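To start, the structure itself, in structure tokens.
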């Protein structure tokens with residue numbers, strides 16, 4: 001895909017995303033997926049999201065409620081860390097339970 005078309009797509013999708021709150025992913029993934037493999041598509045859209053979020057922080061910095069940023073940001077970071085730790089502990093156990101359930105299902109279908 002020509003770099004100019006990619007730039008235009010990025011600009012339009014980001015403008016729609018900034019105004020409506022959604023659109024960057026919705027517009028860019030189907031278009032890019034028709035030209036690139038899915039991993040590259042998701043990587044490119046991730047880069048656009050990252051730069052778009054930085055741009056929105058610069059553009060709307062005067063309207064930021066730092067109290068809300070701290071309340072949601074700190075609790076979000078803490079919950080993310082706890083969720084990751086919980087997944088490390090419970091993820092193996094859940095995988096083993098799923099495997100056991102799958103084996104029981106297949107055993108029930110067995111003709112023996």
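Throughout, read-outs are computed from the coordinates displayed, never taken from laboratory work. Just so you know, these numbers come straight off a predicted model, no measurement behind them. All Cβ positions, even for glycine, are placed from backbone atoms using ideal geometry, and neighbour counts span all protein chains on display.
Sticking with the crude label model, points 7 Å out along Cα→Cβ, report the distance from residue 51 to residue 12 in nm, one decimal please.
Here the modelled spin labels are 1.8 nm apart.
Mind checking the full-extension length gain between residue 78 and residue 29? Use 0.36 nm per residue of separation minus the Cα-Cα distance, one decimal, nm.
Here the segment from residue 78 to residue 29 would lengthen by 14.6 nm.
Treat the range 1-85 as a sphere of radius equal to its Kirkwood radius over Cα pairs and apply Stokes-Einstein at 37 °C in a medium of 0.692 mPa s; give the translational diffusion coefficient in µm²/s, rounded to a whole number. Present the calculation step by step, with values, prior to reporting the outcome.
Details: Rh = 14.7 Å.
It diffuses with D of about 224 µm²/s by this estimate.
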